[in-house]
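Remarks on the structure that follows.
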Amino acid sequence: NTYMYIFDSFIRYAEVIKTVPENITTEQIIFYLSKIKSSSTRRQAKGMLLNLYGFVFRQEYKVNGIPNPKRKHNVVDYLTTYEVNRIFNEVKNIKQRTLFKLEYYCALRISEVCGIRKKDFIKKFDGEKFVYDLRIKSKGGNMDLIPVPQEIISEIKSYYLTLNDKEKKSEYLF
């Protein structure tokens, strides 16, 4: 789809400058590529043009000399354990704090956390103590079992005690 979108866009560009694609110059190709904002899409467009000019028109020299845009390398900032705990301590609402902790400690998406049903918690005995797993419908639609730290189970139990009767009868945890 992306390839065809880029191809259509290039054909429209040729129409705008009133020429056929095989007569477009390297400078006009560079101008066309410069108008594409995303460096990833620009790389894809250059690849499409290499194929077009290499295989169809046998004029790959028009595209070969054009440099590829540099990839952006984003450095991810991580929070320290202290910072994470400070954030959790700032959240006074027990429902929100429980939701955030469950999301963080189990590495869940917010949509996964919001879809948790009470019956999704599976209690099992590991030989020494009871542990909990959480059944989650993940992004691909697969069912995953995720271990839940004991600290979060305690937080969930505390949260559950604050619920009124109507909320306790709900199928969903949050």
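Quick notes on this structure:
- Selection count, the stretch 9-35, where residues are aliphatic (A, V, I, L, M) and open to solvent by 30 Å² or more (accessible area, probe 1.4 Å): 5
- Residue among 116, 110 that alone is touching a helix residue (DSSP H, G or I) at 6+ places or on another chain (Cβ under 9 Å), β-branched (Val, Ile, Thr) and surrounded by 14 or more Cβ atoms within 10 Å (Cβ to Cβ): 116
- Selection within the stretch 128-174 - at pLDDT 90 or above, in contact with an Asp or Glu (Cβ under 7 Å, 6 or more places away or on another chain) and farther than 14 Å from residue 118 by Cβ: 145, 146, 147
- Residue 94 vs. criteria without any contact (Cβ under 8 Å) to a residue 60 or more places away in the chain, open to solvent by less than 70 Å² (accessible area, probe 1.4 Å) and over 30 Å from residue 39 (Cα atoms): no
The values are calculated or read from the model by the stated rules, or taken from the named source; none is laboratory data. This structure is a prediction, so every number in the text was calculated from the model and none was measured. FYI the Cβ positions are ideal-geometry reconstructions off the backbone, even for glycines, and counts take in every protein chain you see. Just the protein is used for accessible areas: all its heavy atoms, side chains included, with ligands, DNA and RNA removed. Shrake-Rupley method; radii C 1.70, N 1.55, O 1.52, S 1.80 Å.
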